[in-house]
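The values are calculated or read from the model by the stated rules, or taken from the named source; none is laboratory data. Just so it is clear, the structure is predicted and the values come from calculations on it, not from any experiment. Here Cβ is always computed from backbone atoms with ideal geometry, including for glycine, and neighbour counts include all displayed protein chains. All accessible areas refer to the heavy atoms of the entire protein, side chains included, with ligands and DNA or RNA removed. Shrake-Rupley method; radii C 1.70, N 1.55, O 1.52, S 1.80 Å.
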Amino acid sequence: MPRPILAAFFVLGLAAPARAQLRADPMRLSLVQRAELLAAPIAGDAPAADVLLLSSTGAGAELRPHRRLAAAASPGRFIDASARDVAAAFLGDPAAARADLVFARADGVSVSWAASPGALCVVGGLFPGGAPTVTAARLRPGGDVIVAPVGTGGSTAGAVQAVDLRGCQSADAARWTIEPVFSRVGLADQVYPLRLGATARALGLDDLALPGLGEVQLLVHASPPDAGAGLGGVHLTAVKVGEHVLEAHPAWLPAGVRQGDVHGVAAVDVDLDGVPDLVFSLAVSTVLPDVNGALVSIRNGGDPLALDLTPWSNLTRHLDLQPLVDPVTLRGVSVGGSPGAAVWDRDLGEVVVFWPEGARLATWRGDALGLSIRELVAADVVGSTAPDLVALAEDPTTGASVLLVYPDLDDGSPTIAWTAGSPGEAERGADHAMAVEARDPEGPVTVEWFVGAAATPAGLGPAVTIPGALLCGPGGDVPVVARATDAEGVFREVAGAVKVRLAPPRLALVGGAPPGTLALPPGGTSAVLEGEAWTGCGTQVAFQWSASGVPAGALAAPEESAGHSRRALALPEASYPELLAGRPSVTLVASDASGLTSPPATLALALDATALVDVAHESDEVALGAGEVALLRTRLRSRLGTALPRVRIQHRLDGVTPAGTARVHGATVLEVRADGAELVLETLPPAGSEVTIELPVRGTGGPGASAVQVRSEGDHLLGPAAEARGGGAPLPGHGCASGGPGAGAWLPLVVVALAAARRAARRRASALT
């Protein structure tokens, strides 16, 4: 059965609070597969540790090197890919720079020696019936030995067996019989090293603990090992606390504690008398209503062999540990040289580290990010040489494994924040630019970008453009993470989401002057319409075209490629009347094989029809006095071979007003508006005919002017630029009938209405005669 792996060979301490602490917000690394954790000097030298992640399913292992945890690397030595458990040990030389790797294998082990990274050394026949896990422990002076539970987990007595490996053989072995220990739900039987007894503490040796259902089997050094006697001279005495009963509240449990599996064991001086006590967690793996785990302590009065007779205490209620609600996974860590423990509180979603400090239990808390913590270990994996806290976690909703690292604060962490407008909003399938501001107090930082659940960066640098291919979902939010990493491998992340929207396709008229304008010259015209959608997605897109106000058959068959569609628009002169009678438009909708459909894109065709009608506008008087009358004359000549219906002629009058009904020659008037200043003709005749409009106007006594517009039924301007003249001489100002509906679209005729000036001119003329 797979189990979390504690790097017991390498007792690392978190720096004392006066010198350093840990960062409360962890570095998070998603793992490809469910894995077991080992932190040890594997590819580099101690005290720096690498992280080895061994597949729980026998699919191999990957190495996360010291200060380069984000990228998987080859271990650089042989790994037993079929193994489900591994321990790191200093088998021969306790002062070696790198650890040996020992893998559980059937009834034996395979060893990857640090000193000779050649083929695996396989040693069989060590553990009759096989061992579910292996652990490194220091049982006598010198190097580590490998210990494993054998025949445990049921109602019969089992054993803890130790082997001393030399080369590809077992040089020594010992076996200690223990009482029956029932296996825990979902957890393999596992031996934990700890230092409870005076002998272990004085000589730097390890006592052993095997947790089970509501019980802990201890093997304690009763006396120092016999010199030169090997494992046969190790004097471990068995003592068991608790019992594997199924009742919820057996008599030995303190108030507020119910029976459960032991999810970890440690030696911590919680009563502050200078002697470490036995501390363990009791919990059930499944979350149940009103059922919480508990921390339990048994006071060590100096003789661990008397622990089975000592009352238990509910450490969950200890004032120094508050708040503490549902402690589950527990591991021993050394804090500033003092034995402490790290525990995951399932209810609070926190990792809590506690240790004796002065007259209290000091604590540190870190965010577990809503994950289930399976393993906890202290090791220097990033930042300064001070140890960090490393946690192997699991997403409770997906089951995916996650590595959490709480860096020590001796090395300052980078800062990172979104710039204005980021992560922002993007169109589906379109490239999207984002940026962050990242700094580190001690040097440069590297910024990586991750989109969705991808473990490979989608971009590098503080500013990045994410390819549209990564934004091809059906819409909604796409998670994005920017990670800033310093030179020591410490990183911080900022997470957000790009809001992906289903935008209408891009639709445009190709060419035209100005761009997007469809010119209508006499004789007919043609154009090309282009549309595109989701071009970055690389999938086949279907386009649906429709048109309004465009003559039937004007749109040719589409030409389509991935994400693009193109249609020719053919408009003979005979189609102009229908086209100019309304406001023509083209609509485009995109869809893909998944059934995703875009909102419609509608392009109103901007028609330039100013080359279709010649317009001349003049007055028979240069100046008018108040009450005096002049005649404004407008001549229209179509350049089309077909008539245009409902053409509107509109006069703009300043300083003059209509003095009677307009007379129209060459066309029939349908409507008269604005006291005759605006007329609607039934039709404007085709080329070869002329329409003349005569409008009498009366001066009002102030400065005045006149201008004219000619527009189609659909309100499209028909008149060209022209120069207005009056009385045979140029009038002040100039005319332009080719613009929009503002003043620039009017053909002006300036009428200077200065009655006093006109009377003065007449008096001068009389004097000359």
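Here are the numbers for the structure shown:
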{"read-out": "Number of positions in the stretch 474-490 that are of a type outside the set (A, V, I, L, M, F, W, C), at pLDDT below 95 and in contact with a Leu (Cβ under 9 Å, 6 or more places away or on another chain)", "value": "2"}
{"read-out": "Restricting the stretch 199-228 to residues that are of a type in the set (A, V, I, L, M, F, W, C) and part of a loop (DSSP other than H, G, I, E, B), the residue that is modelled with the highest pLDDT", "value": "LEU205"}
{"read-out": "Residue among LEU231, LEU324 that is outside any loop (DSSP other than H, G, I, E, B) and either over 15 Å from LEU194 (Cα atoms) or free of Cβ contacts under 8 Å to residues at least 40 places away in the same chain (or both)", "value": "LEU231"}
{"read-out": "Among the residues listed as LEU409, LEU509, LEU404, the single one being closer than 30 Å to VAL528 by Cα and either modelled with pLDDT of 95 or more or out of contact with any Pro (no Cβ under 7 Å at 6 or more places or on another chain) (or both)", "value": "LEU509"}
{"read-out": "Residue selected from the stretch 642-670 under the condition in contact with a helix residue (DSSP H, G or I) (Cβ under 6 Å, 6 or more places away or on another chain) and more than 21 Å from LEU718 (Cα to Cα), by the criterion least open to solvent (accessible area, probe 1.4 Å)", "value": "PRO658"}
{"read-out": "Of all residues making up the stretch 124-136, the number that are free of Cβ contacts under 8 Å to residues at least 60 places away in the same chain, buried (at least 20 other Cβ atoms within 10 Å of the Cβ) and under 47 Å from the mean Cα position of the chain (by Cα)", "value": "2"}
{"read-out": "Evaluation of ALA72 against (1) in contact with a helix residue (DSSP H, G or I) (Cβ under 9 Å, 6 or more places away or on another chain); (2) surrounded by fewer than 24 Cβ atoms within 10 Å (Cβ to Cβ); (3) within 29 Å of VAL382 (Cα to Cα) (one fails), failing number", "value": "(1)"}
{"read-out": "So SER565, is it within 47 Å of the chain's Cα centre (by Cα), hydroxyl-bearing (Ser, Thr, Tyr) and open to solvent by less than 30 Å² (accessible area, probe 1.4 Å)", "value": "yes"}
{"read-out": "Condition broken by ALA601, with the remaining ones in (1) open to solvent by less than 20 Å² (accessible area, probe 1.4 Å); (2) not assigned by the TED database to the domain that holds VAL510 satisfied", "value": "(2)"}
{"read-out": "Top-ranked residue in the stretch 396-436 [being among the polar types (S, T, N, Q) and under 17 Å from the mean Cα position of the chain (by Cα); ranked as surrounded by the most Cβ atoms within 10 Å (Cβ to Cβ)]", "value": "SER422"}
{"read-out": "Failed item, numbered, when LEU139 is tested on (1) of a type outside the set (Gly, Ala, Ser); (2) touching a Phe, Trp or Tyr at 6+ places or on another chain (Cβ under 8 Å); (3) in a loop (DSSP other than H, G, I, E, B); (4) open to solvent by less than 40 Å² (accessible area, probe 1.4 Å)", "value": "(2)"}
{"read-out": "Qualifying positions in the stretch 149-192 - assigned to a strand (DSSP E or B), within 23 Å of THR329 (Cα to Cα) and open to solvent by 30 Å² or more (accessible area, probe 1.4 Å)", "value": "PHE182"}
{"read-out": "Pairs, first more than 14 Å from LEU632 (Cβ to Cβ) in the stretch 660-684, second of a type in the set (Gly, Ala, Ser) and open to solvent by 40 Å² or more (accessible area, probe 1.4 Å), C-beta under 6 Å, six or more apart", "value": "GLY666/SER689"}
{"read-out": "Filtered residues of the stretch 338-354 (kept if under 27 Å from the mean Cα position of the chain (by Cα) and either surrounded by fewer than 24 Cβ atoms within 10 Å (Cβ to Cβ) or small (Gly, Ala, Ser) (or both))", "value": "ARG346, ASP347, LEU348, GLY349, GLU350"}
{"read-out": "Complete set of residues in the stretch 574-598 that are open to solvent by 50 Å² or more (accessible area, probe 1.4 Å) and in a loop (DSSP other than H, G, I, E, B)", "value": "ARG583, ALA593, SER594, GLY595"}
{"read-out": "Some residue of the stretch 373-395 being more than 30 Å from GLY44 (Cβ to Cβ) and open to solvent by 10 Å² or more (accessible area, probe 1.4 Å)", "value": "no"}
{"read-out": "Members of the stretch 34-84 found to be outside any strand (DSSP E or B), touching an Asp or Glu at 6+ places or on another chain (Cβ under 7 Å) and closer than 23 Å to LEU371 by Cα, listed by number", "value": "SER56, ALA72"}
{"read-out": "Checking ALA200 against (1) under 21 Å from PHE90 (Cα atoms); (2) of a type outside the set (Asp, Glu); (3) surrounded by fewer than 22 Cβ atoms within 10 Å (Cβ to Cβ), the condition it does not meet", "value": "(3)"}
{"read-out": "From the options ALA59, ALA24, residue that is at pLDDT 95 or above and open to solvent by 30 Å² or more (accessible area, probe 1.4 Å)", "value": "ALA24"}
{"read-out": "Top-ranked residue in the stretch 606-632 [being in a strand (DSSP E or B) and not aliphatic (A, V, I, L, M); ranked as nearest to the chain's Cα centre (by Cα)]", "value": "ASP608"}
{"read-out": "Out of ARG652, ARG635, sole residue that is in a strand (DSSP E or B), in contact with an Asp or Glu (Cβ under 9 Å, 6 or more places away or on another chain) and not aliphatic (A, V, I, L, M)", "value": "ARG635"}
{"read-out": "Residue that is modelled with pLDDT of 95 or more, of a type in the set (Val, Ile, Thr) and over 21 Å from GLY153 (Cβ atoms), where the choices are VAL265, VAL328, VAL343, VAL241", "value": "VAL343"}
